[in-house]
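Worksheet for the structure shown next.
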Ligand SMILES: [Zn+2]
């Protein structure tokens, strides 16, 4: 059961959003700033995302009539402008995901504000609009980050994990809709093997790894919940893994009772039903 059920539009039973964080080679360049550009294997693993996987994912979405959300660091947008153009042309949302995937906890809040602003300028210049949503690198939102999102008029954050449904995040600066991720719906644990950044996991078979996401979907479907996998093109956009997930999406669409939407629309719906949301507090004075 869900403590604070949220009715979905058009009588749909549940809400679903497949989100892709297009981190590309920002990961290795940020993790190894001195020599990351010389490490061609991890650079190439990242480059696979915007150049090979994203076009494949966009083709699936086009065929199935889906509009979804991508999060992109500003540096990745500037490095891969054709990818940005293809995503926008197909009507998908692009959310703010830092400048070059810097962990907000790895430097001062002043430095974070500078990097955040730099990425925001890139969004406005390349998309013609301000992003409505944000996801922190490695989910590491800080009270300073949340205050900045509120101050900049963002509609939602998607980094914190205090519920399974959209909830209302209150902070000294105001409030924000939170669309909660979870490590159980993230593709790093089953699929990432990235020695240079110290992430060494036994890589699971495609259907084995994606089965966990499907079980999360089934549980959400049963109670009218919210399903939001946090995926990365260089991991789940690979041929065999995407084939498994693509077939599952086709099945999920057949039932006709799932509201697949970009996060912006789901956050807007949550905002319109603000009084039904659970409230969680962050920032000064919060536990
Ligand atoms: Zn990321």
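The values are calculated or read from the model by the stated rules, or taken from the named source; none is laboratory data. Since we're looking at a predicted model, the values are computed, not measured. Counting neighbours? That spans all protein chains shown, and the Cβs are built from the backbone with ideal geometry, glycine included.
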Legend entry - Within region 71-101, tally of residues that are in a loop (DSSP other than H, G, I, E, B), within 14 Å of the ligand (Cβ to nearest atom) and under 21 Å from residue 156 (Cβ atoms): 5
Inset, instruction - Looking for whichever is assigned to a helix (DSSP H, G or I), touching a strand residue (DSSP E or B) at 6+ places or on another chain (Cβ under 7 Å) and at pLDDT 95 or above here; the options are 246, 264, 250. Which one fits? - result: 264
Inset, instruction - Could you please let me know if residue 120 is farther than 19 Å from residue 177 by Cβ and either buried (at least 17 other Cβ atoms within 10 Å of the Cβ) or within 12 Å of the ligand (Cβ to nearest atom) (or both)? - result: no
Inset, instruction - Determine whether region 203-218 contains at least one residue that is modelled with pLDDT of 95 or more, over 21 Å from the mean Cα position of the chain (by Cα), assigned to a helix (DSSP H, G or I) and over 24 Å from residue 28 (Cα atoms). - result: yes
Legend entry - First in region 221-240 and more than 16 Å from the ligand (Cβ to nearest atom), second anywhere and modelled with pLDDT of 95 or more and in a strand (DSSP E or B), Cβ under 7 Å, 6 or more apart: 221/14; 224/14; 225/14; 226/14; 226/15; 227/14; 227/16
Inset, instruction - Evaluate region 11-18: report whether one residue or more is over 18 Å from residue 236 (Cβ atoms) and either exposed (fewer than 15 other Cβ atoms within 10 Å of the Cβ) or modelled with pLDDT under 95 (or both). - result: yes
Legend entry - Options 265, 212, 261; residue that is closer than 21 Å to residue 138 by Cα and surrounded by 15 or more Cβ atoms within 10 Å (Cβ to Cβ): 212
Inset, instruction - Give the number of residues within region 47-67 that are touching a helix residue (DSSP H, G or I) at 6+ places or on another chain (Cβ under 6 Å) and either outside any helix (DSSP H, G or I) or within 16 Å of the ligand (Cβ to nearest atom) (or both). - result: 5
Inset, instruction - Pairs only if they're at least six apart or on different chains, beta carbon under 7 angstrom, first in region 196-208 and closer than 16 Å to residue 184 by Cα, second exposed (fewer than 13 other Cβ atoms within 10 Å of the Cβ) and modelled with pLDDT of 95 or more; list them, first residue then second. - result: 206/240
